[in-house]
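Values in this text are rule-based calculations from the coordinates and carry no lab data. Nothing here was measured: the structure is a model prediction, and the numbers come from that model. Backbone-built Cβ (ideal geometry, glycine too); neighbour counts: all protein chains shown.
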Amino acid sequence: MDPLIVTQAINVLYAVSTLAVLALGLAVIFGLLGVLNIAHGEFVMIGAYCAYLIQSWEWPYLVALPLALAICGVIGWAVEWIMIRPLYRRPFDTLVATWGLSLLLRKIAEGIFGLGFRSVAIPLPGTVDFLGTEYPIYRLVLIAISLALVAGLVIWYGSSRTGSRIRAMVSNPELAQAQGISVRQLAAGTFVAGTCLAGLGGVMIAPLAPVQPFMGLDYVLRAFFVLIVGGLGSVLGLFSGAAVIGGFDSVISAATTTTDGYFAVLVLAILFLWLRPRGIIAHS
Amino acid sequence: MAFDKHGTTRRALLATAATGAAFVAFPRMICPAAAANSEFKIGLFIALSGPASLFGPTQKACAELATEEINKNGGILGRQIKLIPTDAGGPPVESTKSAIRLMLEENVDMFVGSHDSATREALVATIKGKVPYIYTPTYEGGECAFNTYVIADTPEQQIHPSLTWMMKERGAKSVYLIGDDYVWPRKCNEHAHKYIAENGGKVVAEEYVPFGAPNKFEEIVTRIKSAKPEMVLITLVGADNVNFNRTFAGFGLDKEILRLSLLLEENTLLGIGSESSNNLYSSMSYYANAPGEANKKFKAAYFAKFGAKAPQLGLIGADCYGGIYCAQALATKAGGTDASKCMAASEGLSFATAAGTVTMHGRHVDKTEYLAICKGTEFDIIKTFENVKSGDECKA
């Protein structure tokens, strides 16, 4: 097969799988708790700066993962406790509150690191011959990790006790509470999981992006589109959203221009909001 | 006042309105007394917010350095300069509002601007030549508005010699053009088409990405790979420039295809990083490590004033230093800020910049240009083009 088409096909797969991971944290928090975390992109940014720090200290790259999980976890926990808990079931208020949080986190990053670009060296540099075409190794690894992460989460959510408790909390919080499930703790845990997933996405994407305080804005928008198209509350929805948004963008960008790709994504998001506001996989 | 807890009385409102009307109707009563021997106010348009705000600290610092030096030597026409740094990092319409405020409320004597071309066009249309306006970074050429002075690099200076050199000395005859979708890249590429044809080369493809959108470049890089050009001419800016170059090198294209970027300065190169800067060239009239006595003196003064933690020096920022000196030279030679006198004085006007003294012809300046190759995250200047004509001299 034509190596150009093969490469573009892998590009589509790469776009879809990384988008799914970057939207995962937002999907967990929005889908399960009904909180639209506008600061999602800033947690991605924090993850990326963790990767930068680890690399500038010359530690192994994988150490960035626990560091990002710890920092995003602690911030997420504090934010849930102070800011989000009093605002559950008030979607607009949480939106404004997390918007403020995003400004604050961005300014803190600016205060610590300045506005300049930081570059994170790719931990697995170089290209490899894959299906008859040269493709960057790190991007291939990223595709594999992303797919594994999403699949792992689907299985865990569907089969574990915590997963079924969360499902109980989502469908009927009062009844879940009456059953002896600590809804408050469970909600806090879910929020922290969402921010940690964002941080994880940041560590993964850091070597491929300009690391700077504003970088989160790029990701929150696309992640939000994924949720609009995919619908809330199911991992299948998340993945189909990522497939439609990332896939459409990537295919059209490859076939014509990036401008057309971006335009298509915007039109698609508007059409979905208009004609199918609950997304492809509507949550009952 | 209008929102205090007692509410606004009709009388208070009337009184306020009357006072306001008095100020508007009789500005002459207040201004002349204040204007005599007062400060020389310069409205400085720089990026204090938005994606370009990473240049803001350098722009402000360089303008402050020039101001301090001039004020120590008696200021402009005996008046001390007062800088009014104003944000031009947002949408152009916000900058035009600030320009109106600066003209009406602050009575600024001059404007100096270091920002993108979309904002420049909006500012020119707003200021309408009422106050002299000096534009400083690199640009696409062709600005001949009344009472507007350009010390920026023009395509004839920045693109023509460097592109010709790359095509002749590096043998890169087929060129792929990629840029952000706004006025500067599109106009630059119009010029590039001309220069490429002149050197017997050809444009393989020309492509733009939406400006300010979260762009990714895997698809474009794949397309470049299959188009097999010998060189890519890049007019992407900021994060897009970083992103593109990292993706380009990530796909291994840096080994075979040369890249010449037209807005690649120290900050952007730090973002691109050393493992992605192989075979990457940049062309500009200033680099922090550019040779020459003037830059040495400028840097010594800069680091003496701001210390080791001074903002990263680069063309965007250092241009403001020259901008303030241009304002001083212009007002001094014209004996004030009268538009027609300034227009006349600008011809043959000489003034200091970070890179050395330059002379203005046709409200543009002739200047020395450099072509640098990236060595890690440093620029290595491999070719100097002395005193290149702007090619953009305005007739009237």
What would the Debye formula give as log10 I(q)/I(0) at q = 0.14, 0.15 Å⁻¹ for the alpha-carbon point model of the stretch B:74-201, no solvent? -0.71, -0.77
Any number yet on Rg/Rh for the stretch A:3-275, C-alpha, Kirkwood? 0.97
Order of A:Ile145, B:Ile151 - criterion: other Cβ atoms within 10 Å of each residue's Cβ, fewest first: A:Ile145, B:Ile151
extent check for the stretch B:160-261: Cα max minus min per principal axis, descending, whole Å, gives 35, 30, 18
Determine the calculated [θ] at 222 nm for chain A from helices alone, applying -39500 (n - 2.57) to every DSSP H run no shorter than 4 residues and normalising by the residue count; nearest 500 deg cm²/dmol. -24500 deg cm²/dmol
Based only on other Cβ atoms within 10 Å, what is the fewest-to-most ordering of A:Leu13, B:Leu65? A:Leu13, B:Leu65
Lys, Arg +1 and Asp, Glu -1 on Cβ, resulting dipole of chain A about Cα centre, debye, nearest 20: 940
For chain A, with a Gaussian network of springs between Cα atoms less than 10 Å apart, report the residue from A:Leu197, A:Leu217, A:Leu124 with the top mean-square fluctuation. A:Leu124
Centroid-to-centroid separation of the stretch B:132-185 and the stretch B:200-263 [C-alpha atoms, Å]: 18
10 Å Cβ neighbours from other chains, averaged over peptide B:270-279: 4
If one takes the longest principal axis of the Cα atoms in chain A, at what angle in degrees, from 0 to 90 and to the nearest 10, does the Cα axis of helix A:161-171 lie? 70
When the expected Rg is taken as 2.2 N^0.38 Å, what fraction or multiple of it is the alpha-carbon Rg of the stretch A:15-78? 1.21
Ratio of the Cα radius of gyration of the stretch B:264-396 to 2.2 N^0.38 Å, where N counts its residues: 1.18
Can you classify chain B as rounded, prolate or oblate using the Cα gyration tensor, where a ≥ b ≥ c are the square roots of its eigenvalues, rounded means a/c under 1.5, and otherwise it's prolate if a/b beats b/c and oblate if not? prolate
For A:Trp274, A:Trp59, A:Trp77, which order do you get if you count the other beta carbons within 10 Å of each Cβ and list the fewest first? A:Trp274, A:Trp59, A:Trp77
One finds the C-alpha centres of the stretch B:37-107 and the stretch A:101-179 to be spaced, in Å, by 44
Percent of alpha carbon pairs in the protein assembly as shown separated by more than 46 Å? 27
Alpha carbon centre of the stretch A:1-44 versus the stretch A:233-272: separation in Å? 11
Exercise: per-residue mean of other protein chain Cβ atoms within 10 Å, A:253-261: 6
